[in-house]
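*Asks:* Here's a structure for you.
Here, each number is a calculation from the coordinates, and none is a lab measurement. Because the structure is a prediction, the values reported are computed rather than measured. Positions of Cβ are backbone-derived with ideal geometry, glycine not excepted, and every protein chain shown enters the neighbour counts.
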Amino acid sequence: MENDAIINAKVTGITKFGAFVALEDGRSGMVHISEIAHSYVNEIRDHLTEGQEVKVKIVGVSPEGRINLSIKKATPPPQKEGYGGRRAPAGPATFEDKLKAFMSDSESKISDLRHHSDKHGVRRRK
């Protein structure tokens with residue numbers, strides 16, 4: 001079993017710090033919580049279930065024979081989203097494009113906060 005190999009595995013157990021998986025060759029390995037998804041993972045069960053088939057990349061084998069694996073390195077990262085959930089432009093975004101998107105998103109959030117505070121009788125400072 002070589003580092004960087006991508007193989008199929010099956011989730012056999014979930015802990016607070018990672019998931020244990022059974023590899024194709026019968027051995028088992030562990031995917032640390034930081035290697036489960038491209039986004040922040042607070043609760044592993046939100047991303048994996050026992051019995052689920054996953055692709056994993058071998059990132060290392062310790063001298064004791066422990067196999068360290070990564071799901072996120074075995075899968076392409078999701079497409080980036082722009083501000084406010086809009087798709088980012090295909091090419092490199094200019095500073096002005098990013099600023100416009102940021103301002104639009106900020107105005108939307110401020111409007112939502114004002115609506116929420118007005119609805120619940122919270123007084124704003126003027």
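*Asks:* Hey, can you tell me all the residues within the range 10-19 that are closer than 13 Å to VAL54 by Cα and buried (at least 17 other Cβ atoms within 10 Å of the Cβ)?
*Replies:* VAL11, ALA19
*Asks:* Pairs, please: C-beta under 8 Å, at least 6 apart or cross-chain, first residue assigned to a loop (DSSP other than H, G, I, E, B) and in the range 13-41, second surrounded by 15 or more Cβ atoms within 10 Å (Cβ to Cβ) and among the charged types (D, E, K, R)?
*Replies:* ILE36/LYS72; ALA37/LYS72; HIS38/LYS72
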